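All of the numbers you see were taken from the coordinates with simple rules; none came from a lab. Please read all numbers here as calculations on a predicted model, not as lab measurements. Here the Cβ is made from the backbone with ideal geometry for all residues, glycine too, and neighbour counts use every protein chain on show.
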Amino acid sequence: MQPGQILVADHDGVYVIKMEGDVRLTLCVSFDQFIDTMFSRDDFRAIMFDLTAAEAVDSTTLGLMAKIAILAMERKQLRPMILSESAGINRTLDCMGFAEIFDIVSTETLPDYVNKAAQHQASVLDCPVADEAQAKQRVIEAHRILMDLNDKNRETFQDLVKTLEND
């Protein structure tokens, strides 16, 4: 599997977050900082996660994606989109309950304004290695968010969260 990376682009308040390869955000402090910056912008109006080049997405990444969806609804009253054409990733999104908080779209149903933003120059999100305490807190937060989405997620992740909290 190719190592993961995240590319970000924006145009007229439409943000595209493209994930490529094996995406693992356990150690990525920059992603949280990017989220804060994105939501602080006055022109923020849409967000799309492009997973078409992702080979795998870990649960911490999924938790941070869910965090963005929840914040988008609370702060801007909008549902982010996920563009994914991988049957395996789509099954994971379905199992996690993402259809409740995201619009999951295909290339055929992608709105024109998102296509325009996706065509703009993307930059690679720099992900310096976080210290162990930061990484642990990020993993706990992401999994708590997933646990709050539904009972199945709660059952799946509760032991992990308890173990990390007691460590």
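Peptides 61-70, 6-15 ranked from most to least packed by the mean count of surrounding Cβ atoms within 10 Å: 61-70, 6-15. Extension gain for the segment Q134 to E165, taken as residue separation times 0.36 nm less the Cα-Cα distance, is 9.9 nm to one decimal. Kirkwood hydrodynamic radius computed over the chain comes to 16.2 Å, based on all pairs of distinct alpha carbons.
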